[in-house]
Amino acid sequence: MARECGPPSALNATSRYILTVKCPDRKGIVAAIAGYLAENDASITESHHFDDAEARRFYMRLVFRPDGDRMPPLGVVREGFRPVAERFELDWALHDAAARPRVLIAVSKFGHCLHDLLHRRQSGALAIDVPVVVSNHEEMRSFTEWNGIPFVCVPNSAGKAAQEAKVLELAAAHDVDLVVLARYMQILSPQMCRALSGRCINIHHSFLPSFKGARPYHQAYARGVKIIGATAHYVTTDLDEGPIIEQDVQRVHHEHTPESLVELGRDVECRVLARAVRWHAEHRVLIEGSKTVVFA
């Protein structure tokens, strides 16, 4: 199965393309792919692969560029690759590395993750475009619009069905590639999860699977934990159990208050979510059932 992502840019010496592959493990996959690219005057600049011996599955992320000016147009390269893909039963995608994913950010009242993502975008540390921010509260409107991004509020009083319909409408209208729940404090319906399958990332304010639900840092304080953390994962119909992209922790001790744990936790949330969004944008994450392979 192939996925074609974005229109091909004009080929030149600085063009970069990303090929991702997952398939049953068989001898000769790497040789066949590398040989095909060499035959088409493409030069491999980066290559990572992983052989899952337990599942007998193979994963690869490969970056290539034209070698001089003799490489055929990308569409020709893509079509010519199909026999190789069929031979090895590849589930593959070919991406233009210069294409910036279009990301819809959903947020509620807590703005730290939104602030961090937009700062990274503005500074060039995160190569994404954000055409719209949606919220169920008004608190983040002024900050979002100050950044030159349209802000759409669909309050809780509108009802869950109306909220989710609006998010999907905005995602379609803005040709969105990814939805990021940046502390969007709403549980998505199974229908919404299925509609956004593989393209919706949530930041969970604890080191899953511990301390689910409300006030996780207060739960952690009450239990006297020695580490707190955050988890970025893809959204599925199983609440907070989607494939994990990234996790991180922060050591804490008995002198920390619940309020200081919240502050430390927000820092962890920001960096975990930013890494997850960047890795997704750079096509470094391959979803396999309930888990991921991340070529970070």
Proximal lysines relative to Lys22, as straight alpha-carbon distance under 29 Å, when same-chain residues fewer than 8 apart are discounted: Lys291
Cα→Cβ-extended label distance, 7 Å offset, between His254 and Glu46, nm: 4.7 nm
Förster radius 41 Å - calculated FRET efficiency between Glu79 and Ala296 (Cβ-Cβ, nearest 0.05): 0.85
Listed residues Phe64, Gly289, Gly148: farthest to the positive end of the dipole of the chain (Cβ charges): Gly289
Degrees, to the nearest 10: 112-123 long Cα axis against longest axis of the chain: 40 degrees
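What fraction of the DSSP beta bridges in the chain is antiparallel, stated in percent and rounded to the nearest 5?
The antiparallel proportion sits near 65 percent.
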Cα centroid separation - region 232-291 against region 145-217, whole Å: 15 Å
Modelled FRET efficiency - R0 45 Å, Glu39 with Ala173, Cβ distances, 0.05 increments: 0.60
Rough spin-label spacing in nm, given labels placed 7 Å along Cα→Cβ, for Ala158 and Lys109: 2.0 nm
Farthest positive-ward along region 187-296 dipole, Cα basis, beta-carbon charges - from His254, Pro216, Val277: Val277
Inter-site label distance for Arg26 and Ser197 at 7 Å from Cα along Cβ, in nm: 2.5 nm
Ala53/Trp146 FRET efficiency (R0 45 Å; Cβ-Cβ; nearest 0.05): 0.30
Bins of 10 Å, starting at 0 and running to the largest distance - Cα pair percent for region 186-274: 18, 47, 27, 8, 1
Fraction of beta bridges assigned by DSSP in region 166-250 that are antiparallel (%, nearest 5): 75 percent
Given charges at beta-carbon only (K, R positive; D, E negative), |dipole| of region 185-296 in Debye: 100 debye
The chain, dipole about Cα centre (Lys/Arg Cβ +1, Asp/Glu Cβ -1), debye to the nearest 20: 300 debye
Principal-axis tilt of helix 160-173 within the chain, Cα atoms, nearest 10 degrees: 30 degrees
Cα-based helix-to-principal-axis angle, 258-281 vs the chain, degrees rounded to 10: 20 degrees
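Quick note: the coordinates plus some simple rules give every number you see, no bench work behind them. Note that the structure is a prediction, hence the values are computed from the model and not measured. Using ideal geometry, Cβ is built from the backbone for each residue, glycine included, and neighbour counts are taken over all protein chains shown.
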